[in-house]
Amino acid sequence: MSTATAIDADAAPWSPAQPVLEVRGLNVDYGAGRDAVRAVNEVTFTLRRGEVLGLAGESGSGKSTLAYAITRLLRAPGVITGGEVVFHQPSASGGPARTVDLLAADARELAGIRWVDLSMVFQSAMHALNPVARIEGQLTDVLKRHRPDMAPAERRARAIELLGMVGITPDRLSSYPHELSGGMRQRVMIAMALALEPSLVIMDEPTTALDVVTQREILDELMRLRERLGFAVIFITHDLSLLLELADTIAIMYAGQLVESAAAADLLAAPRHPYSLGLLNSFPALHGERVKMTGIPGSPPSLRAMPTGCKFHPRCPHAFERCSAEQPALLTPAGSRGKRTVACWLQTGDRVPPEPLGRPEGDRSQDLAVGGH
Ligand code: SF4
């Protein structure tokens, strides 16, 4: 982990290609000493302005731990034991961004970044509203704290605008949370997260507790807002089918590690890791021929009893001798286009991967038809 908070001016002002967040070799343990178990292992990725990164994997794969570590909201016994999280903080004056090592930032600096430049919406966020305060007060409190220059009338106008952005009428400003449906409360939380126009929003299963219709409405609104405001999103879910529609890039996590990362369309057309393929085969296509869903046999490993070599080998139908002995590194397979990386011995050139793991990139003829939710 870096030991100093780096605050450097970037050379150029914002552009869509500029990174918002760079996570390098991030490690998170639960516990300390001999009792420590590794929950996030050497995770590395870069997120660019306006990009939606979908983080998928089964429960316990480390997705939420990663989000809490990035935002420095991890609670004991969770400990960040290595790596860097570099946030490119936009300048309020429109000048060059500055880079901040979030793992080394002190409480004051973090308080100046959270909500303003980096906000979070967690799965149970709708329960985070104060039950005895009206919606108006809760929305304007965020503005009062971070924008003390705003007059009360401006704050109220902004609160109305924010509710409008998530499809809620101004008369709801005077409501208490219990007077709103679950979907509306989650929309209020999203409005609150966007109140200060952050450049990055981290969403951890933000719509899981909602019915599919409400989920669809909220996600459509979110994507419209992303188009308009240009913020980047890390969207965490166990539902890969959702990400195929929503995300620009999908990163698959297994047992605390990233095992595959690719553009969403490339992952759908030609998964390279057997675990990605298993996830893709775990939900039904709404169009095309009926196919038998195969799922993934077995369960994710316990953090206390991690398999040797590739962590997926006890469940992998393609495992061979090397898989249980050596852990494959996350590499770009030969012939890949875009920014795909995979951690699998089938993709290192020593073996010919079986179909469909060896399908040529760009071949969309056998795409799964994802009809959405
Ligand atoms: Fe399967 Fe081996 Fe690839 Fe792991 S390295 S996913 S066990 S083929």
Among the residues of the range 305-322 satisfying the criterion of being part of a loop (DSSP other than H, G, I, E, B) and more than 7 Å from the ligand (Cβ to nearest atom), which is most open to solvent (accessible area, probe 1.4 Å)?
Pro317
Apart from one, (1) closer than 20 Å to Ser119 by Cβ; (2) of a type in the set (A, V, I, L, M); (3) crowded, with 16+ Cβ neighbours inside 10 Å all hold for Met253; the odd one out is (1)
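Quick grid of which residues meet (1) modelled with pLDDT under 90; (2) out of contact with any Ser or Thr (no Cβ under 9 Å at 6 or more places or on another chain); (3) assigned to a helix (DSSP H, G or I):
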| residue | (1), (2), (3) |
| --- | --- |
| Met223 | yes, yes, yes |
| Glu227 | yes, yes, yes |
| Ile234 | no, yes, no |
| Leu244 | yes, yes, yes |
| Ile250 | no, no, no |
| Met253 | no, no, no |
| Glu260 | no, no, no |
| Asp266 | no, no, yes |
| Pro271 | no, yes, no |
Quick one: in the range 335-359, which of the residues that are under 19 Å from Thr249 (Cα atoms), of a type outside the set (D, E, K, R) and more than 9 Å from the ligand (Cβ to nearest atom) is modelled with the highest pLDDT?
Thr341
Subset of the range 159-176, residues open to solvent by 30 Å² or more (accessible area, probe 1.4 Å), in contact with a Pro (Cβ under 9 Å, 6 or more places away or on another chain) and more than 19 Å from Thr214 (Cα to Cα), comes to Ile160, Tyr176
Which listed residue, of Val188, Val212, is open to solvent by 60 Å² or more (accessible area, probe 1.4 Å) and in contact (Cβ under 8 Å) with a residue 60 or more places away in the chain
Val212
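Among the residues of the range 138-154, is there at least one that is in the same structural domain as Leu225 (by TED's automatic domain parsing) and under 23 Å from Leu210 (Cα atoms)?
Checking the range 138-154: at least one residue is in the same structural domain as Leu225 (by TED's automatic domain parsing) and under 23 Å from Leu210 (Cα atoms).
The values are calculated or read from the model by the stated rules, or taken from the named source; none is laboratory data. These numbers were taken from a predicted model, which means no experiment stands behind them. Positions of Cβ are generated from backbone atoms using ideal geometry, with glycine treated the same way; all protein chains shown enter the neighbour counts. We work out accessible area using only protein heavy atoms, side chains counted, and drop any ligands, DNA or RNA first. Shrake-Rupley method; radii C 1.70, N 1.55, O 1.52, S 1.80 Å.
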